[in-house]
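The values are calculated or read from the model by the stated rules, or taken from the named source; none is laboratory data. Quick caveat: nothing in here was measured; it's all calculated off a predicted structure. Ligands, DNA and RNA are excluded from the accessible area calculation, which covers all protein heavy atoms including side chains. Shrake-Rupley method; radii C 1.70, N 1.55, O 1.52, S 1.80 Å.
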Amino acid sequence: TDDAATLARILEALGNLGLPVLLPLHPRTRGVIETNHIAKPPNLRLLEPVGYLEMLVLEQAARAILTDSGGVNREAYFLSVPCVTLRSETEWPETLVDGWNVLAGSDIDQIVQAIAFIAVILAVEGVFLFMRSTDRREKAVNRRMAIAAVFEAYAAKRGKPEPKTPTARRSAKS
């Protein structure tokens, strides 16, 4: 966000989590923090901007994601990583189904409550996932295939050889 007051509230909420937080920052956002002397909580590690593939690796390894990006909240959904969207709306309402994505805006209390909600989900993850869907494996396979298709399309645009993905292997066998 470019709004210093909103950014200060979000950073304060991240500091209240009591958990380590990695934050890849757009240079413009870093500039807002530095220009306005916004305090950085000790649990927050600011990272340089990362590329798309590096971001996917960070997202996949995360226990939860907090973002103001519509694209990142959708990626979190496809990666089965709980997400808190730091906006009051999302372009992807399907991510709100079953609590995979929670809208929190920039209100400190709402952000902390959303993270607490996700922490409960993570604490009872096995029960939650079992209750949420009986076709979990099928959805996981579909997500992997969708991600593989994205990588194949990216490789095709770049003119590089396609990676060995489930979709590519299946096509080769046909």
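Numerical summary
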item: Against the rule of thumb 2.2 N^0.38 Å, how large the Cα Rg of segment 73-116 comes out; result: 1.04
item: Carbon + sulfur, % of accessible area of segment 1-126 - ligands and nucleic acids excluded, 1.4 Å; result: 58 percent
item: Probe 1.4 Å, accessible area per residue of segment 1-93, Å²; result: 56 Å²
item: Relative contact order [Cα under 8 Å, 6+ residues apart], segment 1-83, whole percent; result: 27 percent
item: Net length gained if the chain between R45 and D3 were fully extended (0.36 nm per residue, minus Cα distance); result: 13.1 nm
